[in-house]
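Worksheet: the structure to be examined is printed underneath.
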2 protein chains.
Amino acid sequence: VKKNLIVFLISSISLLNWSQVSAQQKLQWQEVHHGIWKATAGQPEKVTLLKTAEIKANETGLSTLPKTTFPLPEGKIDVKILDHKIYLRFPLDKEEQLFGLGLNFQTVNQRGRIMTLHVDHYGGKDNGRTHAPVPFYISSNGYGVLIDAARYITVYAGTGVRKDSENPPVLYDRNTDKKWDAQPYSDAVEILVPAEGAEIYVFAGPTPMNVVQRYNLMNGGGYLPPKWGLGFTQRVPTLYNQDDILKEVADFENHDFPLDFIGVEPGWQSMAYPCTFEWDKTRFPKPEEFINELVDKGISTNLWLNPYVSPKGILYPELENLSGSHTVWNGIVPDITLPQVRQIYKDHFFKNHLDIGVGGYKIDEVDGFDNWLWPDVATFPSGTSAEQMRQIYGLSLQSMTAGWFKEKNQRTYGLVRASNAGASSFPYVIYNDYYSHRDFITALVNSSFIGVLWTPEVRASNDAEEWVRRMQSVCFSPMAMLNAWADGTKPWSFPEVEKAVREVANLRMQLLPYTYTSFAQYHFQGIPPFRSMNLVEGFAFKPTSVEGKLDGTANPYAMSIKQDIKDQYMMGDYLLVAPMFAGQESRKVYLPAGKWYDFYTGVLAGENQIIEITPGLDKIPLFVKDGGIIPLVPVHRHAPEAGQQLQLEVRHYGTAEGSFDLYDDDGKTFNFEKGEYSFTNLSVRKDKKGILKGNMAKITPGKPFNYNNQVVWKFMTK
Amino acid sequence: VKKNLIVFLISSISLLNWSQVSAQQKLQWQEVHHGIWKATAGQPEKVTLLKTAEIKANETGLSTLPKTTFPLPEGKIDVKILDHKIYLRFPLDKEEQLFGLGLNFQTVNQRGRIMTLHVDHYGGKDNGRTHAPVPFYISSNGYGVLIDAARYITVYAGTGVRKDSENPPVLYDRNTDKKWDAQPYSDAVEILVPAEGAEIYVFAGPTPMNVVQRYNLMNGGGYLPPKWGLGFTQRVPTLYNQDDILKEVADFENHDFPLDFIGVEPGWQSMAYPCTFEWDKTRFPKPEEFINELVDKGISTNLWLNPYVSPKGILYPELENLSGSHTVWNGIVPDITLPQVRQIYKDHFFKNHLDIGVGGYKIDEVDGFDNWLWPDVATFPSGTSAEQMRQIYGLSLQSMTAGWFKEKNQRTYGLVRASNAGASSFPYVIYNDYYSHRDFITALVNSSFIGVLWTPEVRASNDAEEWVRRMQSVCFSPMAMLNAWADGTKPWSFPEVEKAVREVANLRMQLLPYTYTSFAQYHFQGIPPFRSMNLVEGFAFKPTSVEGKLDGTANPYAMSIKQDIKDQYMMGDYLLVAPMFAGQESRKVYLPAGKWYDFYTGVLAGENQIIEITPGLDKIPLFVKDGGIIPLVPVHRHAPEAGQQLQLEVRHYGTAEGSFDLYDDDGKTFNFEKGEYSFTNLSVRKDKKGILKGNMAKITPGKPFNYNNQVVWKFMTK
């Protein structure tokens, strides 16, 4: 008894010591936008993700969303400040699923995972190191949580189990109990922010899609690309000169293949890497003439760069003292948080690129790898830490360059290899070097949760089958790109599938009114154009855990395996895309509640079930929701020019009535932000005899609408 | 000009701001042991690795090492304190190689790598997450650096490139210069310690081996196992009861297979996992009798445990309030830094295990995985952070349990899955679930740099070839173990190689005097028993980088590949071990300077060269240095008992004279620490005619020497 007493006393003293160093805090939630609450833990930092993005919320868009109350039990949110770090806890319900937490490539449902969110190339594991480690999660219960801190935040998404938990896991004995689970039930998300402060946002639903909408609208609404951005793009081999590129463009014409913009790789610069951002006069003696020649052919130019500045460049002397302590590939790293750095860039880039007609950029290598990026011991003149700089560099370059094009009232659409929270309204699509076709599709699924766009770019393939399958997917993504910088491939590189590849590229071109409208939804309503099934109404798939088999080496803890719907997605409101992968003759497709129809034939495919399909090589499986309306235009090689009126073919699927608000504007400027756009309703209604009839509403006078009004209605389901 | 001036002024202000927050410090180096200097950066922390290990330096051993001066240019060591973190920099020479930095499995030379040292299971990449992430590196220039901080330390081992570097890399243009390198030359090691303080040790050489010796001797000298520890051990299936185990022991006898200790898996406990540390009365009704029966058969008992305490256990009420905020597998995590916790354990473990004859422990799952370990947001009553606890838990359990056996004056030898700096003198061998045979050997190589022992344990195999190859390696490692907890395998599981397996196990038993002496060197001189070739005199392999081939997906940066000697090692002073791997018919072996001879035949194999060998399936390739002396004893099944005198056969290889100081003591107590041991010189000298003659020096009177003096000399090289 005496010993126990002593133990108790010593332990009490210890507990006291601990509570002295721990600063328990209560979060003060304030509704900062419609259905979005904010609280501050500790001392807010000067550099955060949202402060870097610097975007005004779209309050108009937000105001159309349902009115709700704070979506979590406030008393169950916990915050502590210890050891110069913020400790956070949010409650979880038993059946709750979690989505988001960065651009993941292999998993959709993140409950039960641990992420240390860190801007990096994707290294093959969903562990938080990725191109867009957005510290934002969406619950299937219809709320979201965002941590606005430019730090390596660790999220325990339902893994840690507290001794004092109100919902502890059941106790099993591994020796004798089959039910013993290597990962016991956890009733909380716990988050470690390694900083003295963090700003926390909670987003209301009521649906997970509403959460995503609020997130995107708070960040200005999703980006609406120029129409040319939705065409096809080819990136040429590194050292192509202007004549090579003009020849490439002619080849596309000869092969009758669509081409809207072309990516010019490092060879355009007098040195790269490190970069000068100056034209190489041997390969590109007359850049302005060259760019204009492309513009005349209906093709926009996209310039590759990474932000590591060469000592041989004209910008170096000005930037040297405004850059970090460390170099990357011998290039200095300008402190992008300094206004004077941004001014130096702006002056140079306007004069040498934007003002001579450059249409956009590919911002490479702002993600990692650690082996050549600045280390976490680097310092920057502004006092921004290396860690913070890592988390914001790609975001900051997006913000800066997006501003330039906005200032020129010219929409751009480019590529970036690192992003983060706050990027919804930026004109950039993420890509990487990783090349698993399947994982590329899962990334596309996951991009929809976190306000980023992703392209499953095509580079090379082992055979014609892989080639056509990859080409099919990329044509059903935010950017239809062949990136041939290293391989020199062309869309027709595999002649045996050239026809199928051209057909899917043409289909993308035909779908322009549908796709462009889906992006308009992204902008005005925050609804992502490419969507995880988990965000779709009627989603009723119950993820099941498959019991793991004990194996002393492969699975010593008999970990169970969780199932996800991660190889199919929605494009816009009506189209379900189920890509095929090389080696596959058939695949399973999950169809949500409500009837679904084959896009090509209009035949009923199923409803609220998993079907097995065996399509041929020449088509990507597409399904349309009952009542779905898909507007198409004729096959074309480039985005329509100003004033060009396209013929509309409107397809209807299934037996239900349907409606589609077709969006249009000038396709290239920001005038739509001043009201210069139109939504024109296309509807299919049953007449008194129950026969489906199509109708296009009156065109709004004085607003852009680049279609002639001779709509051809096609009822696909007989 | 005006704009530039403004830019300059703003930039100066920024730089000024930055220097205000940065606390530049000068490190004060103090020689704390012979050839070992210490300095403190910032505010030292209460919990560090060495403070946890709590080991007294072996000053006697240290004093025999060469006298030297501080081995680095002091002025080139840099320290800064920023953002509550310590930033360190140490200079590197052009040709310098770096070793250590944790138990790595795939690489030996660590220059050019980045590690975030974090106690964890090994996940397949040498990135710092490993079972013994010791923050210690050894330079080929003959010095070492240790950071004593129980934190997730990031080490940039020659990767970061500073803008103001005195030795900058050459500038190349990737566009046009073939010499462009994805990872430019770096002239420094940079280290980020995420804490307000760190204690830094610098170890002098002059050789890399001297550095390792100083490190081990500062940590008390390497562990000397009991003789039985160097025999064979079998771990039985999880739920084996005492009768099953006694039958297993009989089976070993029937198969004439050596067996010195047996590992009892979770089934010995009344519940596990989580653990009670109490005997299960159904499976082990009479533990004391059972253990004594084993002892009578010459077999020691090793009990499995992990430290997560079951609510069903007798210790739970006492430990509940002394444990962390989070549970692991429903077990509480006692705050091991609290003296009262250690006392509670000691009382229970002495009474229930040590005092009834238990010979040692296997301490499992103190490494990770993150998915079930306490999260970094856990808190502990002592105020030790979750991060610190992660870094020290395995170390602390080693220290605690080692102390118990020392108190009983009984040597133990067990297994642990997590370790760290300061562990040299602990009686534990590291193991894991990973199972690449090749990588297991690289881990064995790397264990020699960082004061830990590692076993390439055998569990199961796909076929007889793999089985015998793995068995051969494990018999040339610190612990010859078959771990059959999940698979129930036996040494004779593959009858077609049973003979070869028995032969290599017997050879291990025969080599006892040689191996035991090698461990004595570890203890008295700090020289590891199993050694990387890079620590060996005569090592002259020049690591070359092979130019990488550009591949848009597999190698987009055309990264070069560095070569290491990582599949062979030295056991003691004379034996070079070059294991074969399944699927291999022949292999390359690097032989250092000086002639080397085949162990089995005595035939010259080569010198200072890479040879190709094609051995059969029945033997592990072994080579002996010119003048090498290898003492053997007859084949035996158990370690010799007290007073047993073994017959010595002493082999000599090559044509040079040689010498070997044969160590002996009682083989099981710590009396050797009070001087109760002997070193007896065995030498081969040329007589006047140049003929080699063997001689054993006089036995030290009154000191333990368990060999008869009828030495049989065998001159292996004709």
**Report entry** Verdict on A:Pro529 being buried (at least 18 other Cβ atoms within 10 Å of the Cβ) and either farther than 30 Å from B:Asn483 by Cα or free of Cβ contacts under 8 Å to residues at least 60 places away in the same chain (or both)
**Finding:** yes
Requested in this report: Answer yes or no: is there a residue in the stretch B:98-112 that is facing chain A (nearest Cβ under 10 Å) and either on the phi > 0 side of the Ramachandran plot or free of Cβ contacts under 8 Å to residues at least 40 places away in the same chain (or both).
Outcome: yes
Query raised in the report: Under the condition of being among the aliphatic types (A, V, I, L, M) and out of contact with any helix residue (DSSP H, G or I) (no Cβ under 9 Å at 6 or more places or on another chain), which residue from the stretch B:190-210 is nearest to the other protein chains (Cβ to nearest Cβ)?
Result: B:Ile191
Query raised in the report: Pick from the stretch A:87-121 the residues that are assigned to a loop (DSSP other than H, G, I, E, B) and among the aliphatic types (A, V, I, L, M): which of them is nearest to A:Leu49 (Cα to Cα)?
Result: A:Leu101
Query raised in the report: Between a first residue in the stretch A:39-59 that is β-branched (Val, Ile, Thr) and a second residue that is part of a strand (DSSP E or B), which pairs have beta carbons less than 6 Å apart while being 6 or more apart in sequence or on different chains?
Result: A:Thr40/A:Glu199; A:Thr48/A:Asp148
Report task. Filter the helices (runs of 4 or more DSSP H) completely within the stretch B:430-518 down to those with at least 3 residues that are surrounded by 20 or more Cβ atoms within 10 Å (Cβ to Cβ) and over 18 Å from the mean Cα position of the chain (by Cα). Result -> B:464-474, B:498-510
Query raised in the report: Can A:Asn321 be described as away from chain B (no Cβ under 11 Å), at negative phi, over 29 Å from the mean Cα position of the chain (by Cα) and surrounded by fewer than 22 Cβ atoms within 10 Å (Cβ to Cβ)?
Result: no
Query raised in the report: Could you say whether any residue in the stretch A:355-367 is assigned to a loop (DSSP other than H, G, I, E, B), touching a residue at least 40 places away in the same chain (Cβ under 8 Å) and at the interface with another protein chain (Cβ under 7 Å from one of its Cβ atoms)?
Result: no
Report summary line: Residue count, the stretch B:332-348, condition within 24 Å of A:Asn175 (Cα to Cα) and either within 9 Å of chain A (Cβ to nearest Cβ) or in a helix (DSSP H, G or I) (or both), comes to 4
Query - Identity of the residue in the stretch B:242-264, touching a residue at least 12 places away in the same chain (Cβ under 8 Å) and assigned to a helix (DSSP H, G or I), that ends up surrounded by the fewest Cβ atoms within 10 Å (Cβ to Cβ) - result: B:Glu253
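Here's the yes/no breakdown for (1) free of Cβ contacts under 8 Å to residues at least 40 places away in the same chain; (2) polar (S, T, N, Q); (3) farther than 17 Å from A:Leu507 by Cα; (4) touching a Pro at 6+ places or on another chain (Cβ under 8 Å):
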| site | (1), (2), (3), (4) |
| --- | --- |
| A:Pro579 | no, no, no, yes |
| A:Glu585 | yes, no, yes, no |
| A:Pro592 | no, no, yes, no |
| A:Ala605 | yes, no, yes, no |
| A:Gly616 | yes, no, no, no |
| A:Phe623 | no, no, no, no |
| A:Gly627 | no, no, yes, no |
| A:Pro631 | no, no, no, yes |
Query raised in the report: Which pairs have Cβ atoms under 7 Å, sit 6 or more apart or on different chains, and link a residue in the stretch B:168-189 that is in contact (Cβ under 8 Å) with a residue 12 or more places away in the chain and within 7 Å of chain A (Cβ to nearest Cβ) to one that is buried (at least 20 other Cβ atoms within 10 Å of the Cβ) and not in a loop (DSSP other than H, G, I, E, B)?
Result: B:Pro169/B:Val161; B:Pro184/B:Val161
Requested in this report: Taking only the stretch B:680-703 into account, find how many residues are in contact with an Asp or Glu (Cβ under 8 Å, 6 or more places away or on another chain) and buried (at least 17 other Cβ atoms within 10 Å of the Cβ).
Outcome: 5
Query raised in the report: Quick one: in the stretch B:541-583, which of the residues that are part of a loop (DSSP other than H, G, I, E, B) and basic (Lys, Arg) is surrounded by the fewest Cβ atoms within 10 Å (Cβ to Cβ)?
Result: B:Lys542
Report task. Sort out which residues of the stretch A:67-91 are touching a strand residue (DSSP E or B) at 6+ places or on another chain (Cβ under 8 Å) and away from chain B (no Cβ under 14 Å), and write them in order of number. Result -> A:Thr68, A:Thr69, A:Phe70, A:Pro71, A:Leu72, A:Pro73, A:Lys76, A:Pro91
Query raised in the report: Which condition does B:Gly221 not pass, out of (1) on the phi < 0 side of the Ramachandran plot; (2) assigned to a loop (DSSP other than H, G, I, E, B), if it passes all the others?
Result: (1)
Query raised in the report: If we scan the stretch A:307-317, do we find a residue that is under 29 Å from the mean Cα position of the chain (by Cα) and in contact (Cβ under 8 Å) with a residue 40 or more places away in the chain?
Result: yes
Requested in this report: Please tell me if B:Lys286 is among the basic types (Lys, Arg), within 9 Å of chain A (Cβ to nearest Cβ) and over 27 Å from the mean Cα position of the chain (by Cα).
Outcome: no
Query raised in the report: Based on what the data block shows, is A:Lys499 of a type in the set (Lys, Arg) and at pLDDT below 95?
Result: no
Query raised in the report: Quick one: would you say A:Val377 is buried (at least 20 other Cβ atoms within 10 Å of the Cβ), of a type outside the set (Gly, Ala, Ser), assigned to a loop (DSSP other than H, G, I, E, B) and more than 10 Å from chain B (Cβ to nearest Cβ)?
Result: no
Query raised in the report: Right, A:Lys351: among the charged types (D, E, K, R), surrounded by fewer than 20 Cβ atoms within 10 Å (Cβ to Cβ) and either in contact with a strand residue (DSSP E or B) (Cβ under 6 Å, 6 or more places away or on another chain) or more than 9 Å from every other protein chain (Cβ to nearest Cβ) (or both) or not?
Result: yes
Query raised in the report: Among the residues of the stretch B:263-283, which ones are facing another protein chain (nearest Cβ under 10 Å) and within 14 Å of B:Thr233 (Cα to Cα)?
Result: B:Glu265
Query raised in the report: Which residues, counting only those in the stretch B:623-658, are crowded, with 21+ Cβ neighbours inside 10 Å and under 17 Å from B:Pro513 (Cβ atoms)?
Result: B:Val624, B:Gly628, B:Ile629, B:Ile630, B:Pro631, B:Ala639, B:Leu648, B:Val650, B:Arg651, B:His652, B:Tyr653, B:Gly658
Query raised in the report: Looking only at the stretch B:174-195, which residues are over 19 Å from B:Gln110 (Cβ atoms) and out of contact with any Lys or Arg (no Cβ under 8 Å at 6 or more places or on another chain)?
Result: B:Arg174, B:Asn175, B:Thr176, B:Asp177, B:Lys178, B:Lys179
Query - Which numbered condition A:Pro307 fails, given (1) within 9 Å of chain B (Cβ to nearest Cβ); (2) crowded, with 20+ Cβ neighbours inside 10 Å - result: (1)
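The values are calculated or read from the model by the stated rules, or taken from the named source; none is laboratory data. Treat the numbers as computed from the prediction; the structure is a model and nothing was measured. Backbone-built Cβ (ideal geometry, glycine too); neighbour counts: all protein chains shown.
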